[in-house]
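A short write-up of the structure that comes next.
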Amino acid sequence: MTTLYGIPNCDTVKKARDWLTEHGVDYTFHDFKKQGVPTALLPGWIESAGLDTLINRRGPTWRKLDEATQASVVDTPSAIAVMQEHSSVIKRPVVVWGDGTVTVGFSDAAFAARLP
């Protein structure tokens, strides 16, 4: 089963959800705001996608963090601490596909490449 992680009011998450529905992909939605960040999955996401891909350093949440917090994100444990406290710094959506592959963000081409 494919799981899409994000927040429901994010435009990119909405596009991804619409795409999955339109293409008949069964998925579950995990809402960071209601269900929290799945801490146990974060190390795997970082390993699969890379820290620089997973942390959205261009978003408003990142820009609002103080310089010390931003500078503290240097490795997996420090990134996980910040992502737990500020879930909106995670680039969205994070999709864990049925085969366990992790993708971050949305594009028609990348999602279409996942179809059998």
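At a glance:
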{"quantity": "Trypsin sites (Lys or Arg not before Pro) within segment 46-116, DSSP loop, no more than 14 other Cβ atoms inside 10 Å", "calculated": "57, 58"}
{"quantity": "Set of aspartates and glutamates near residue 33 by C-alpha distance (under 18 Å), chain-local residues within fewer than 8 positions excluded", "calculated": "11, 85"}
{"quantity": "For the chain, built as a Gaussian network whose Cα springs stay under 10 Å, the top-fluctuating residue of 16, 49, 79", "calculated": "49"}
{"quantity": "Amide proton proximity set for residue 30, modelled H, under 5 Å, gap of 5+", "calculated": "4, 5, 6"}
{"quantity": "Cβ-based charge dipole, the chain, positive-most Cα from 6, 20, 61", "calculated": "61"}
{"quantity": "Rel. contact order, % - alpha carbon contacts under 8 angstrom, at least six apart, the chain", "calculated": "36"}
{"quantity": "³J(HN,Hα) computed for each position of segment 45-57 - Karplus, 6.51 cos²θ - 1.76 cosθ + 1.60, integer Hz, glycine/proline x", "calculated": "5, 5, 5, 6, 9, x, 4, 5, 7, 6, 8, 8, 7"}
{"quantity": "Exposure proxy order (Cβ contacts within 10 Å, fewest to most) of 13, 94", "calculated": "13, 94"}
{"quantity": "Residue list for segment 76-116, given a label point 7 angstrom along the Cα-to-Cβ vector of residue 15 and an amide N cut-off under 14 Å", "calculated": "92-94, 104-112"}
{"quantity": "Prolate/oblate/rounded label for segment 1-49 (Cα gyration tensor, a/c 1.5)", "calculated": "prolate"}
{"quantity": "Percent antiparallel among DSSP beta bridges (both partners in the chain, rounded to 5)", "calculated": "60"}
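No value in this document is a laboratory result; all are computed from the given coordinates. Not measured: the values here are computed from a predicted model. Glycine also receives a Cβ, built like all others from the backbone with ideal geometry; neighbour counts cover every protein chain displayed.
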